[in-house]
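Participant: Structure below; questions to follow.
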């Protein structure tokens, strides 16, 4: 759907060349609509050689087993998002150790999905009863008989067979303090 009015000042929008690309831009202020994006996050929490999975109780993906995850809020740091999502969906406390996978899905709303390796801290997997109707830690053998979503199968391979130490780790002590930034590095 094409933007007709500026979300900043309410004036009419027009299509014009902005840095070599046709974009919707405001006729009165400096607002440019750069596109529609969403950023999803996923948790890869392994405990005793088993992967934390949840069964989706709602669409999309109702009935599929997936890793816990969700979407970032506008003013929420991504590292806080994934910790919150794991707690909300299955009452497990986990902390971020790094970023180990990305999925780029260009479409009408361009989706970027960031998968985090996370260290299990505590809690018994308990479904929230709204988004999730089952939760637990499962081995590869147990997953063979489960309805695991295809993308989650790929993420399970990353978590259980990948070299997670080769991923991007949280930089807790950057050489320059950059408050408000989420920094990850090799």
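Participant: Relative contact order (percent) for the stretch 87-129, with alpha-carbon contacts under 8 angstrom and 6 or more residues of separation?
Facilitator: Values: 70 pairs, mean separation 22.7, N = 43.
After rounding, I find 53 percent.
Participant: Let me ask something else. Take the alpha-carbon centre of the stretch 4-83, take the same for the stretch 112-183, and report the distance between them in whole Å.
Facilitator: If you average the Cα positions of each part, the centres end up 18 Å apart.
Participant: On to the next question. Order these by the 10 Å Cβ neighbour count, fewest first: 19, 128.
Facilitator: Working: 19 6, 128 15.
Sorted ascending by nearby Cβ count, the order is 19, 128.
Participant: Next up: For the chain, compute the orientation-averaged projected area of the C-alpha convex hull (one quarter of its surface), in nm².
Facilitator: Working: hull surface 53.4 nm².
Result: a mean projected hull area of 13.4 nm².
Participant: Still on this structure: How would you rank 23, 55, 103, 172, going from fewest to most other Cβ atoms within 10 Å of each one's own Cβ? If you can, show how the numbers build up before the last one.
Facilitator: Values: 23 17, 55 20, 103 14, 172 6.
Ascending Cβ contact count within 10 Å gives the list 172, 103, 23, 55.
Participant: Here's another thing I want to ask about it. Calculate, for residue 168 and residue 121, the FRET efficiency according to 1/(1 + (r/R0)^6) with r their C-beta to C-beta distance and R0 25 Å; round to the nearest 0.05. Don't skip to the answer; put the middle values down first.
Facilitator: Details: r = 20 Å, r/R0 = 0.82.
The calculated FRET efficiency here is 0.75.
Participant: Further question: Work out the FRET efficiency for residue 37 and residue 93 from their Cβ-Cβ distance, taking R0 = 22 Å, and round it to the nearest 0.05.
Facilitator: On the way: r = 29 Å, r/R0 = 1.34.
Efficiency computed from Cβ-Cβ geometry: 0.15.
Participant: Starting from the 7 Å offset along Cα-to-Cβ, what nm value, one decimal, do you get for the label separation of residue 185 and residue 153?
Facilitator: The answer from the label model is 3.9 nm.
Participant: Grab the Cα-Cα distance for residue 178 and residue 59, subtract it from 0.36 nm times how many residues apart they are, and report the gain in nm with one decimal. Numbers along the way, then the final one.
Facilitator: On the way: separation 119, 0.36 × 119 = 42.84 nm, distance 3.82 nm.
Length gained, residue 178 through residue 59: 39.0 nm.
Participant: Name the residue, out of 43, 101, 25, whose mean-square fluctuation peaks in a Gaussian network model built on the chain with Cα pairs under 10 Å.
Facilitator: For the chain, modelled as a Gaussian network with Cα springs under 10 Å, the answer is 25.
Participant: Mean separation of Cα pairs under 8 Å and 6+ residues apart, divided by the residue count of the chain: what relative contact order is that in percent? Could you put the intermediate results ahead of the total?
Facilitator: Working: 368 pairs, mean separation 41.0, N = 186.
Relative CO of the chain lands at 22 percent.
Computed from the coordinates by the stated procedures, all read-outs in this text should not be read as laboratory data. Note that this is a predicted model, so its numbers are computed, not measured. A quick note on method: Cβ atoms are made from the backbone with ideal geometry, for glycine too, and the neighbour counts reach across all protein chains shown.
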